[in-house]
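Trainee: Below: one structure in structure tokens.
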Amino acid sequence: MHGKVYLVGAGPGDPELLTLRALYLLQHADAVVYDRLVSRAIMSCINPEATLHDVGKVAACKPSMQDDINDILLSLSRTHQHIVRLKGGDPFIFGRGGEEQLYLQQHGVQVEVVPGITAATGCAASLGIPLTHRGLASSVRFITGHLRDNQGLELNWASLSDPTCTLVFYMAMANCSHIAQALIQHGRSPHTPIALAQDATLKSQRWGLGTLQTLPQLAQTFSPPALLIIGQVVQLHPDYPQPIPNTQDALAPEPSGAAM
């Protein structure tokens, strides 16, 4: 008889942003498998009698590979009744929740997914930057800035050139220069506003504002994990240096191959 595994989103870090369902499950879990993006404040909400299993994926260390995490979850389901797989943000947005769900279901384990506030919306709210705004942005895209096994970041850059679409890059710190160059080469104005944020929603939160042109330099002052927001909506931040002098110029695509 298998126990049940709950894939729970921990949100962006502030425990007050946990869902009621997530808080209940943490308080009643027999075992909790967590990663490095879960804040200490949220860890303090866990049932003190639960067994804790740290599978933090730190790039500089030898990480617990996904196959190992899958095996840990399966093993715990045979010895515990209520297993929480606790993930930063939302399990189904760049959290590999789908992979874990499929693996467990293939082995006969019941899975429940509990959504969390993803980093993009948590960060945007914390900074006061709407991801969509009438007249500036009619759509938003969440994009990974880091591919599996450190493959080169080869995205469909032309599809990201629409100036009325806000772009939010996760895990992009190592590729900020490449992202800026590729977007400008494929039509985004170098004056497009950008924001970088680290530890969003926490007391340790820090952020910076700039443009695609200044992104490579700004990124050097941040360390991962950090979130990158690109688009005209960033200029709505109350501390944005100044409005774009000519909004139409900023919205106009750059000629193909424009220099940084």
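Please treat every number below as a calculation from the coordinates, not as lab data. Fair warning: this is a prediction, and the values are worked out from it, not measured in the lab. Don't worry about glycine lacking a Cβ; one is built from the backbone with ideal geometry, like all the others, and counts go over all protein chains shown.
Trainee: Okay, helix-only estimate at 222 nm for the chain: each DSSP H run of n ≥ 4 adds -39500 (n - 2.57), divide by all residues, round to 500 deg cm²/dmol; what do you get?
Mentor: Values: 8 runs with 64 residues, N = 260.
Calculated mean residue ellipticity at 222 nm is -6500 deg cm²/dmol.
Trainee: With a 10 Å Cβ neighbour count serving as the proxy for reagent exposure, in which order, fewest first, do Asp71, Asp239 appear? Each step should come with its number before you reach the end.
Mentor: Working: Asp71 14, Asp239 8.
With the sparsest Cβ surroundings first, the list reads Asp239, Asp71.
Trainee: Arrange Lys4, Lys203, Lys87 by Cβ neighbour counts within 10 Å, fewest through most, would you? Don't jump to the answer; show the numbers that get you there.
Mentor: Details: Lys4 15, Lys203 8, Lys87 26.
Ordered by Cβ neighbours within 10 Å, fewest first: Lys203, Lys4, Lys87.
Trainee: Explain nothing, just the number: relative contact order of segment 173-217, from Cα pairs under 8 Å at least 6 residues apart, as a whole percent. Walk me through the intermediate numbers first.
Mentor: Working: 45 pairs, mean separation 18.8, N = 45.
That works out to 42 percent.
Trainee: Then there is this: Using amide H atoms built 1.01 Å from N in the peptide plane, name the residues 5+ places from Lys4, or on other chains, whose amide H lies under 5 Å from its own.
Mentor: Under 5 Å from the amide H of Lys4 lie the amide H atoms of His82, Ile83, each far enough along the sequence or on another chain.
Trainee: Going from the alpha-carbon gyration tensor of segment 119-251, what semi-axes, largest first and in whole Å, does one get by taking the root of 5 times each eigenvalue?
Mentor: Each semi-axis is √(5λ); the values are 20, 19, 13 Å.
Trainee: While we're on this one: With contacts defined as alpha carbon pairs under 8 Å and 6 or more residues apart, what's the relative contact order of the chain in percent?
Mentor: 20
Trainee: How far is helix 66-77 tilted off the main Cα axis of the chain, in degrees rounded to 10, range 0 to 90?
Mentor: With rounding to tens, the tilt is 30 degrees.
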